[in-house]
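Below is one structure, written out as structure tokens; comments come after it.
Just so it is clear, none of the values below were taken in a lab; they were calculated from the coordinates. What you see is a predicted model; the values in this text were computed from it and never measured. Methodologically, a virtual Cβ is constructed for each residue, glycine included, from the backbone with ideal geometry; neighbour enumeration extends over all protein chains shown.
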Amino acid sequence: MPDPSKGCVVVTGASRGIGAAIATALSAKGFRVACLSRSGTLPETGAALQARMFPLACDITAPESIRAAFRALSEVCSEPIVGLVNNAGLHLQGKSASFPVSDYERVMTTNATSVLAVSQVAYPLLATTGDALIVNIGSFFDKLGVKGNVAYCASKAAVGAITRCLAVEWAADGIQVLNVAPGYVETDLNREEMTQGPLHAFLQKRIPTGGPGTADDVAQLVATLFLLPGRFLTGETLYIDGGQGMAL
Ligand code: NDP
């Protein structure tokens, strides 16, 4: 279990949505938090929590941008890097028969390839501590066939597979790797779809716990994983979806 008072966790996509909630929850637990996003802005939260955060501009689809962000981090942060949360992602929809392959590649690069690319840059730093955790943010769509979501489903299935491979390869370096797979959570990614129209009513009925989750629901799980003693739990996908993925 990484020691919060002695470590920094890197969170991608931390400017808003689920990533902002994760950065805030980790800061509240005592970690320093490097907040990566293209805009390089800090989550909107209290000044005391922001004081423990470093904003860094980074495009996770561009290898040189990832390396530059980690170089910049080493200049501003003296604490060891004890964790990484690969959260940044994007959601593009369209019917499989006509979904542009270029859009498919964009989703795969942003949601899946970046998980490997950022983890590779973080790996030597995490391995140095010998007690580190990577949490990837997948989706419960990873085990479903959702109409209009061929790229997103494929990308999140890949996140589960990358999680298992890194967990097995990096366990000997003291690095745990987990995949947290949320169900519906209202954020910028899907707000329009979720607050209006048929999906809103459908979700109230279909989610056993009574409706979509919040970014904080996911953030509290991720922050708790950082405080869990032991390393035996690794490579797993933890679904946090109000039971929707297992309900008929
Ligand atoms: P948002 O759209 O609200 O936030 C996305 C975040 O990622 C922003 O901080 C954005 O910042 C950043 N980002 C996007 N592209 C890049 C990039 N190329 N490089 C760096 N940062 C980037 O999304 P959510 O918070 O909803 O989603 C977060 C994760 O959770 C995603 O992986 C998503 O797939 C997953 N998820 C979301 C669910 C939901 O219902 N919301 C359900 C299941 C999973 P900026 O624009 O400044 O770069």
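Taking 0.36 nm per residue of sequence separation and subtracting the Cα-Cα distance, how much length would be gained by fully extending the chain between residue 220 and residue 201, in nm to one decimal? Please report the intermediate quantities before stating the final value.
Numbers: separation 19, 0.36 × 19 = 6.84 nm, distance 2.64 nm.
Value of the extension gain: 4.2 nm.
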Rounded if a/c is under 1.5, else prolate if a/b is larger than b/c, else oblate: which is segment 1-91, with a ≥ b ≥ c the root eigenvalues of its Cα gyration tensor? oblate
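Could you pull out the GluC sites (Glu not before Pro) across segment 175-248 that fall in loop regions by DSSP (anything but H, G, I, E, B) with no more than 16 other Cβ atoms inside 10 Å?
On the way: sites: 186, 192, 193, 236; in loops: 186, 236.
Those satisfying the criteria are 236.
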May I ask which residue of 194, 60, 14 lies farthest towards the positive end of the charge dipole of the chain, with charges of +1 (Lys, Arg) and -1 (Asp, Glu) on Cβ and the Cα centre as origin? 194
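Across the chain, how many lysine pairs separated by 8 or more positions, or lying on different chains, have Cα atoms within less than 15 Å? Please list the in-between numbers first.
Working: 6/29; 95/147; 143/156; 147/156.
For the chain, the number of qualifying lysine pairs is 4.
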Between segment 42-56 and segment 101-159, how far is it from one alpha carbon centroid to the other, in angstrom? 25
For the chain, with a Gaussian network of springs between Cα atoms less than 10 Å apart, report the residue from 238, 133, 36 with the top mean-square fluctuation. 238
For the chain, with a Gaussian network of springs between Cα atoms less than 10 Å apart, report the residue from 135, 159, 168 with the top mean-square fluctuation. 168
Tell me, 64, 169 in order of fewest to most beta-carbon neighbours within 10 Å? 64, 169
Sort 35, 165 by Cβ crowding within 10 Å, fewest neighbours at the top. 165, 35
With loop defined by DSSP as not H, G, I, E or B, and exposure as at most 10 other Cβ atoms within 10 Å, which is the longest segment of the chain clear of exposed trypsin sites (Lys or Arg not before Pro)? 148-248
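Given 20 °C and 1.002 mPa s, how large is the Stokes-Einstein diffusion coefficient of the chain in µm²/s, with Rh as the Kirkwood radius over Cα pairs?
Details: Rh = 18.1 Å.
Diffusion coefficient, whole number: 118 µm²/s.
Using the Cα gyration tensor of segment 25-145, with a ≥ b ≥ c the square roots of its eigenvalues, what is the shape: rounded (a/c below 1.5), prolate (a/b larger than b/c) or oblate (neither)?
On the way: a/c = 1.94, a/b = 1.76, b/c = 1.10.
It comes out prolate by the Cα gyration axes.
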